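Since every read-out is calculated from the coordinates, none of them should be taken as a lab result. Values in this document were obtained by computation on a predicted structure and should not be read as measured data. Positions of Cβ are generated from backbone atoms using ideal geometry, with glycine treated the same way; all protein chains shown enter the neighbour counts.
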Amino acid sequence: QTVYILNGPNLNLLGKRQPEIYGKETLQDIEVACGQIAEANGLKVRFLQSNAEHQLIDWIHEAREDACGIIINPAAYTHTSVALLDALGTFERPVFEVHISNVHKRESFRHHSYVSLRADGVIAGCGAQGYELALLRLIRLLGR
Ligand code: DQA
């Protein structure tokens, strides 16, 4: 069983990008941490990042074929993308939305999420650890 962990625009710069907001951990650090948890629970991880909306949508379509769940940090597309919401609407297994920062403590345009209309759970403001927390929740839901 495979969990897709999808990351949206600018997250390739994690660790270097506004570390006072997003912390010092890189996307690779997160990939390693999630990989270890997944492996210990007999799951595989497909960990991906793109700056392009259409690429994220294509990966969600691929997830329809072989994913037991999706964990997604849609980054700025969270607040803009009906297309991403619609793509996630075609996926019939659990979806968790992760934000590294507490979006509710920030500018008002970050308070609304299209993706939350589909997400089974949302984690915000727990830093890079939010991904691990979402993965643990998914593992629990899968009964592992
Ligand atoms: C983010 C929050 C978004 O508002 C922002 O556009 C991001 C990252 C987060 O992880 O805190 O790029 O999703």
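One table, with the values for the structure above:
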item	result
Count of residues meeting criterion [more than 22 Å from Thr2 (Cα to Cα), without any contact (Cβ under 8 Å) to a residue 40 or more places away in the chain and within 9 Å of the ligand (Cβ to nearest atom)] in segment 93-105	2
Subset of segment 1-43 (residues that are surrounded by fewer than 16 Cβ atoms within 10 Å (Cβ to Cβ) and among the acidic types (Asp, Glu))	Glu20, Asp29, Glu39
Helices (runs of 4 or more DSSP H) within segment 27-144 that include 3 or more residues closer than 19 Å to Asn10 by Cβ	27-40, 53-66
Tally of residues being surrounded by 23 or more Cβ atoms within 10 Å (Cβ to Cβ) and away from the ligand (no atom under 13 Å from the Cβ) across segment 68-86	2
Subset of segment 44-58 [over 10 Å from Asn7 (Cβ atoms), surrounded by 18 or more Cβ atoms within 10 Å (Cβ to Cβ) and not β-branched (Val, Ile, Thr)]	Glu53
Test for Gln18: is it free of Cβ contacts under 8 Å to residues at least 12 places away in the same chain and on the phi > 0 side of the Ramachandran plot	yes
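This table checks each residue for (1) touching a Phe, Trp or Tyr at 6+ places or on another chain (Cβ under 6 Å); (2) within 14 Å of the ligand (Cβ to nearest atom); (3) closer than 13 Å to Ile100 by Cα.
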{"position": "Pro19", "(1), (2), (3)": "no, yes, yes"}
{"position": "Ile30", "(1), (2), (3)": "yes, yes, yes"}
{"position": "Gln36", "(1), (2), (3)": "no, no, no"}
{"position": "Val45", "(1), (2), (3)": "no, no, no"}
